[in-house]
Amino acid sequence: MAGKSRYFTDGFVCAGFMCGSSLDGLDGALIRVRKRSVSLLAFAHHPFDNSFSDTIRNGLAGNAPGKTISGFWGMTENLVSLVELDLFKKLLASASISEKEVDLIGSHGITSSHHPSAGLSLSGIPIPGHTVQLTNPHLLTEAFGIPVVSDFRRTDVASGGEGAPLAPIFHRAVLTHKTINRAFLNLGGIANITSLPSRRGSGNPIIAFDTGPGNMLIDAGARWISKGKRGFDPNGEMAGNGQAVESLVEKVCQDPWLHRAPPKSTGRESWGEDRFREILGQMPLRFSPEDLMATLTEITALSVAKSLDWITPCPEEIIVGGGGARNLTLMNRLRIRCNKEVSPSETLGIPAQAVESMAFAYLALLSMTQRPGTLPELTGGKAGRVLGTVTFPSSRSLASILPGMIRGGDIHLPFPDRARARMLPGPG
Ligand SMILES: Nc1ncnc2c1ncn2[C@@H]1O[C@H](COP(=O)(O)OP(=O)(O)OP(=O)(O)O)[C@@H](O)[C@H]1O
Ligand SMILES: CC(=O)N[C@H]1[C@@H]2OC[C@@H](O2)[C@@H](O)[C@@H]1O[C@H](C)C(=O)O
């Protein structure tokens, strides 16, 4: 059991799990937050094979043969957490620490539906915006006796925010440079960008938003060309051997959403299979698979480049995380379209694939120590909010966990994340 004094001396050890929108697998990270710095202790990835990803993708679209939607959701939640359970053990083994040394777990789950703005109705009743992530924190607390923070996004959506992106506070904590204005770009299924003004220019507000497709269109193209055998374009090789249809790239990038001012978020609903089919239908009569992949890759690069219009101060360099950092053609097209230095986060010592799971470990710590995990300028919510729901293990008293943790946060969290939620303006 974690003693109060340990939070003071050793900082915090937190695990984070993320199953992203590309549905390629589940990532887990173990971090230590101590003396205002964040270090990665271990990272592990559990890949999903193509047919499994297809089953989940179809189920989320409401086509789960032989199962009701709620049955499918219940099974998916449990499946996510069974994988997390296994990954957690791997993280412990890799970092050579015991579960008793871990203070908390953050579990994001799979986003099954993301409609943050109001505008939907059920039987004529207007319904507020929603976002849903599937995970079962109870399986984790039951197995390990560690508090689990989950359901991060609904807090922000309830306060009028987009519920995404949420990782920017983490990007700010670990990637801000003393003198260089940076941007961090996550190339997951969806792409999102965070402006990171240098500490010298700390008067500049942090801006973050989804930019549109990350790998989602590219992956859909790879699946179509390979008849489901391949889930992505390895290293961007196919795209690198093709010629993009420039007129189609320009046309798709005129999408009004891409030109909308932030805050904004998007998802599979807008850049998934349906959008891919629409683009495919507009390819010229004769095209090679390589040309299709080059076109999808160029749409991705141009939509990211357009997003820079919203970012001040203009970043001098772009640091890339997420699996798309391995797509060398996409990285090269980004260098050309953005006219900037574009480097994978490995150059700063952080594995590109680990950034999001590290972020949810960090966000879980902010929540447990009563600090806001998002800000109005990031997602458009009314005020900074302590995110998520905590599932506590019944084997430990709250008094033995919370006060020490909250005060430990005062010591170890990087500035300004030490500021507690009650210091921020309330709702209204
Ligand atoms: N070697 C590689 N070459 C090209 N692309 C790759 C490679 N490895 C991974 N990818 C791409 O990265 C994707 C997975 O990235 P990542 O795990 O960051 O996405 P995610 O976390 O699921 O999505 P999101 O950030 O939207 O939630 C794969 O679907 C694939 O398109
Ligand atoms: C609703 C949802 O799950 N959004 C994801 C998705 O994947 C990338 C992008 O779209 C981002 O907005 C978000 O994830 C990251 C981790 C975030 O919240 O920062």
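The values are calculated or read from the model by the stated rules, or taken from the named source; none is laboratory data. Just so we're clear, the structure is a prediction, and the values are computed from it rather than from any experiment. Backbone-built Cβ (ideal geometry, glycine too); neighbour counts: all protein chains shown.
The set of residues in the range 185-214 being out of contact with any Gly (no Cβ under 7 Å at 6 or more places or on another chain) and among the small types (Gly, Ala, Ser) consists of SER195, SER198, GLY201, SER202, GLY203, ALA208, GLY212.
For the range 15-43, residues that are within 13 Å of ligand 1 (Cβ to nearest atom), of a type in the set (A, V, I, L, M) and at negative phi total 3.
Meeting the requirement of 2 or more residues that are among the charged types (D, E, K, R), the strands (runs of 3 or more DSSP E) wholly within the range 6-113 are 25-34. Residue under question is ILE56, and the condition is that it be within 21 Å of GLY71 (Cα to Cα), within 16 Å of ligand 2 (Cβ to nearest atom) and of a type in the set (A, V, I, L, M); does it hold? Yes: the conditions hold for ILE56. For the range 151-209, the tally of residues that are in contact with a Pro (Cβ under 6 Å, 6 or more places away or on another chain), buried (at least 24 other Cβ atoms within 10 Å of the Cβ), polar (S, T, N, Q) and under 18 Å from PRO416 (Cα atoms) stands at 1.
Could you check the range 338-357 and list, in sequence order, the residues that are aliphatic (A, V, I, L, M) and within 12 Å of ligand 1 (Cβ to nearest atom)?
First, the residues of the range 338-357 that are aliphatic (A, V, I, L, M): 342, 348, 350, 352, 354-355.
Result: ALA352, ALA354, VAL355.
The sole residue among LEU134, LEU91, LEU187, LEU82 that is in contact with a Ser or Thr (Cβ under 9 Å, 6 or more places away or on another chain), in the same structural domain as PRO376 (by TED's automatic domain parsing) and in contact (Cβ under 8 Å) with a residue 24 or more places away in the chain is LEU134. Just one of the numbered conditions (1) more than 14 Å from ligand 1 (Cβ to nearest atom); (2) not in a strand (DSSP E or B) is not true of PRO126: (2).
Within the range 20-52, the residues that satisfy the criterion of being under 18 Å from the mean Cα position of the chain (by Cα) and either over 30 Å from ARG418 (Cβ atoms) or assigned by TED's automatic domain parsing to the domain that holds GLY221 (or both) are SER21, SER22, LEU23, ASP24, GLY25, LEU26, HIS45, HIS46, PRO47, PHE48. For a quick check of your reading of the model, give me the residue pairs whose first member lies in the range 219-245 and is on the phi > 0 side of the Ramachandran plot, whose second is near ligand 1 (Cβ under 8 Å from one of its atoms) and part of a loop (DSSP other than H, G, I, E, B), with beta-carbon atoms closer than 6 Å and at least 6 apart or on different chains. Close Cβ pairs (under 6 Å, with a partner that is near ligand 1 (Cβ under 8 Å from one of its atoms) and part of a loop (DSSP other than H, G, I, E, B)) amount to GLY236/ASN327.
Meeting the requirement of 2 or more residues that are in the same structural domain as ALA301 (by TED's automatic domain parsing) and among the aliphatic types (A, V, I, L, M), the helices (runs of 4 or more DSSP H) wholly within the range 326-428 are 328-338.
For the range 140-182, the set of residues classified as among the β-branched types (Val, Ile, Thr), away from ligand 2 (no atom under 11 Å from the Cβ) and in a helix (DSSP H, G or I) consists of THR141, THR155, VAL174, listed by residue number.
If a residue has to be crowded, with 23+ Cβ neighbours inside 10 Å and not β-branched (Val, Ile, Thr) to count, how many in the range 25-42 make the cut? Adding up the residues that qualify gives 5.
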